[in-house]
Amino acid sequence: MARAAVLGRLTWRVATVVATRRETATARTVVLDVPGWPGHLAGQHADLRLTAEDGYTAVRSYSMSSVAEGDRIEVTVDEVENGEVSPYLTQVVDIGDQMEVRGPIGGWFVWRPEQTEPVQLIAGGSGIVPLMAMIRARTSAERAVPFRLLYSTRGPESLIYRDELRKPVGGLDVTYAYTRRAPEEWPGTVGRINAGTIAAATWPAAFEPTCYVCGPTGFVELATRLLVEAGHDQASIRAERFGPSGGRSS
Amino acid sequence: MTDFVDVNTVAGELRDVFAVDMTTATGRCAHCGRTAPLADAKLYGPTPGFVLRCRGCDTVLMRMVSAPGRTWLDLSGLSFVEVVTG
Amino acid sequence: MAIVSRGFTGRPHAERADLPPGQYLTKDFPVLSAGPTPVVRTDDWQFTITNETGQRHTWNWAGFRRLATERFTVDLHCVTRWSKLRADFEGVSLDTLFAGVDTAAEYAMVHSYGGYTTNLPLADLLDGQAWLAFRFGGKDLAAEHGGPARLLVPHLYLWKSAKWVNGITLSYQDEPGFWESLGYHDYGDPWREQRYWGD
């Protein structure tokens with residue numbers, strides 16, 4: 001089903017907001033009902049098109065955070081300062097509002113339940129969104145493939161999906177890294193990830209995992225370099241870069 | 001320098017032009033011969049146009065400009081593109 | 001049937017008398033680029049005007065900085081729709097640079113470190129319409145904004161104001177530059193909204 005969605009031009013479909021969920025002070029999940037949605041794979045994104053009363057339109061891309069479930073998709077939006085679209089989606093949009101959606105998009109940065117090798121996920125800031133879709137897809141498909149997540153963020157207040165990630169899930173190992181502020185009694189250091197973080201918190205290269213790295217470009221370049229220096233094959237690392245502002249969208 | 005992203009950013013726009021998923025395509029740089037997934041290349045822009053550069057030599061692989069109702073493409077920096085069609 | 005997203009207005013884009021059609025006002029100075037930011041030391045910097053016969057006039061940084069400079073305030077209009085009003089620069093007028101150049105050519109191609117090019121009629125570079133700017137807001141022009149020196153031709157869309165400039169070549173033929181060869185308008189007058197071919 002999702003395989004067929006890889007080919008052919010994409011049409012814009014009408015989407016209606018059916019729920020919203022606040023994740024952090026700046027991030028919100030928007031749940032959309034999209035009649036005719038062809039399904040999607042974990043890691044793919046959708047383009048959202050907003051139209052103002054005077055016909056002005058803006059299009060932005062958002063990774064889907066949910067597992068494919070009929071006509072329903074969820075996107076988690078992190079507000080970008082002075083953004084044109086993200087403040088609307090995180091603060092204004094409400095149940096019943098409409099927009100248009102095109103997707104699913106992107107066959108490179110995906111995890112399929114048929115994959116059997118261990119998986120290493122590395123998230124910087126809002127880069128956690130498509131990786132959360134992969135974690136949820138693994139649970140939903142009842143796969144036992146071992147997953148490790150290294151989630152680097154500014155501070156505990158900016159952790160998206162915090163409560164869900166706190167719940168123990170068999171075969172999923174989560175490590176946090178804080179770059180500015182750590183929780184009280186944090187035994188680790190505060191700062192950017194480094195070779196030590198990789199050595200302590202990620203699969204050894206000998207396990208030949210597939211690695212998914214997502215976040216701002218600077219973070220992705222750093223994490224990718226550290227993985228390669230730790231012995232991982234470049235070809236086993238898939239990346240999605242959000243740009244220096246931290247969001248593909250604004 | 002981290003002022004670039006990757007081809008995932010313009011995957012939707014590329015789907016408007018090519019009926020296949022270009023994020024899973026492989027290409028060969030016409031300048032240095034490096035053959036790699038397009039997802040590996042460095043994407044500048046995407047405004048006023050997007051410019052995809054070879055990670056090895058920085059030469060332009062592909063350029064695209066989107067205007068209302070029209071899109072222009074320059075693929076002359078790629079000596080081949082291999083796409084997954086099924 | 002168009003779907004309207006309740007409460008979405010986008011960036012302010014109402015018509016204003018002091019803005020060209022389709023532009024919105026910004027207080028920032030966005031950075032857009034087609035490639036990595038070139039790193040050019042003033043010790044290595046050179047600017048060359050080459051006329052239609054191949055005759056060259058070259059300045060190094062010291063020679064360039066000995067020329068008469070002006071401080072000026074101009075409005076910038078980017079084809080991506082943002083406009084920045086009253087931007088304050090300091091630079092050398094192209095009239096000063098062209099003073100000793102012998103030419104009958106009508107067209108100019110501007111070249112930048114890193115390979116960017118843009119074309120325009122020579123007449124649009126002269127008569128107080130263009131500068132080679134090296135200071136912005138009272139400080140040395142940052143590399144991300146085109147430093148050590150960039151071209152400024154404020155009466156045209158900002159893609160014509162090439163960053164990291166290193167030369168201008170003159171010719172009898174009009175040849176399209178980097179963006180002009182891929183859909184962007186050959187001339188680019190923001191007041192006639194000449195964004196793309198055929199506009």
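Comparison of A:78, A:54 shows that the only residue that is surrounded by fewer than 22 Cβ atoms within 10 Å (Cβ to Cβ) and of a type outside the set (Lys, Arg) is A:54. Within the range C:54-96, the set of residues being open to solvent by 20 Å² or more (accessible area, probe 1.4 Å), touching a Leu at 6+ places or on another chain (Cβ under 9 Å) and not in a strand (DSSP E or B) comprises C:67, C:80, C:95, C:96.
Table: residues versus (1) away from every other protein chain (no Cβ under 14 Å); (2) open to solvent by less than 20 Å² (accessible area, probe 1.4 Å).
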| site | (1), (2) |
| --- | --- |
| A:86 | no, yes |
| A:100 | no, no |
| A:121 | yes, yes |
| A:139 | yes, no |
| A:150 | yes, yes |
| A:153 | yes, yes |
| A:156 | yes, no |
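Residues considered: C:98, C:178, C:134, C:89. Of these, the only one that is within 30 Å of residue C:43 (Cβ to Cβ) and within 13 Å of chain B (Cβ to nearest Cβ) is C:178. When the test is whether a residue is assigned to a helix (DSSP H, G or I), open to solvent by 10 Å² or more (accessible area, probe 1.4 Å) and among the aliphatic types (A, V, I, L, M), residue A:199 passes it. Considering only the range A:164-181, state which residues are at pLDDT 95 or above and among the aliphatic types (A, V, I, L, M). A:165, A:172, A:174, A:177, listed by residue number. Only one of the listed residues (A:175, A:116, A:139) is in contact (Cβ under 8 Å) with a residue 24 or more places away in the chain, hydroxyl-bearing (Ser, Thr, Tyr) and either touching a Cys at 6+ places or on another chain (Cβ under 7 Å) or within 19 Å of residue A:201 (Cβ to Cβ) (or both). That residue is A:175. Considering the range B:1-24, and only residues there that are of a type in the set (Val, Ile, Thr), facing chain A (nearest Cβ under 7 Å) and closer than 20 Å to residue B:84 by Cβ, the residue that is least open to solvent (accessible area, probe 1.4 Å) turns out to be B:23. Looking only at the range C:132-158, residues that are in contact with a Gly (Cβ under 8 Å, 6 or more places away or on another chain) and part of a loop (DSSP other than H, G, I, E, B) come to 4 in all. Among the numbered conditions (1) more than 9 Å from every other protein chain (Cβ to nearest Cβ); (2) crowded, with 23+ Cβ neighbours inside 10 Å; (3) closer than 16 Å to residue C:33 by Cα, the only one that residue B:27 does not meet is (3). In the condition set (1) more than 14 Å from chain B (Cβ to nearest Cβ); (2) buried (at least 20 other Cβ atoms within 10 Å of the Cβ), residue C:116 is compliant with all but (1). Take the residues in the range B:37-57 that are in contact with a Gly (Cβ under 7 Å, 6 or more places away or on another chain) and either facing chain C (nearest Cβ under 9 Å) or without any contact (Cβ under 8 Å) to a residue 24 or more places away in the chain (or both); name whichever of them is surrounded by the fewest Cβ atoms within 10 Å (Cβ to Cβ). For the range B:37-57, the residue satisfying everything is B:44.
Do we find that residue C:126 is touching a helix residue (DSSP H, G or I) at 6+ places or on another chain (Cβ under 8 Å) and open to solvent by less than 10 Å² (accessible area, probe 1.4 Å) in this structure? Against the criterion (touching a helix residue (DSSP H, G or I) at 6+ places or on another chain (Cβ under 8 Å) and open to solvent by less than 10 Å² (accessible area, probe 1.4 Å)), residue C:126 does not qualify. Number of residues in the range B:61-80 that are within 24 Å of residue A:235 (Cβ to Cβ), open to solvent by less than 60 Å² (accessible area, probe 1.4 Å) and not in a loop (DSSP other than H, G, I, E, B): the value is 3.
A count restricted to the range C:12-30 and to residues that are within 11 Å of chain A (Cβ to nearest Cβ) and either at pLDDT 90 or above or open to solvent by less than 60 Å² (accessible area, probe 1.4 Å) (or both) stands at 5.
In the range C:159-168 there is at least one residue that is part of a loop (DSSP other than H, G, I, E, B), among the hydroxyl-bearing types (Ser, Thr, Tyr) and under 12 Å from the mean Cα position of the chain (by Cα).
Based on this model, can you work out whether residue C:40 counts as open to solvent by less than 60 Å² (accessible area, probe 1.4 Å) and assigned to a loop (DSSP other than H, G, I, E, B)? Yes: the conditions hold for residue C:40.
The set of residues in the range C:136-146 that are out of contact with any Lys or Arg (no Cβ under 8 Å at 6 or more places or on another chain) and in contact (Cβ under 8 Å) with a residue 24 or more places away in the chain comprises C:136, C:137, C:138, C:143, C:144.
The values are calculated or read from the model by the stated rules, or taken from the named source; none is laboratory data. Nothing here was measured: the structure is a model prediction, and the numbers come from that model. Note that each Cβ is placed from the backbone with ideal geometry, even for glycine, and that neighbours are counted across all protein chains shown. Areas reflect the complete protein model, heavy atoms only, side chains present, ligands, DNA and RNA absent. Shrake-Rupley method; radii C 1.70, N 1.55, O 1.52, S 1.80 Å.
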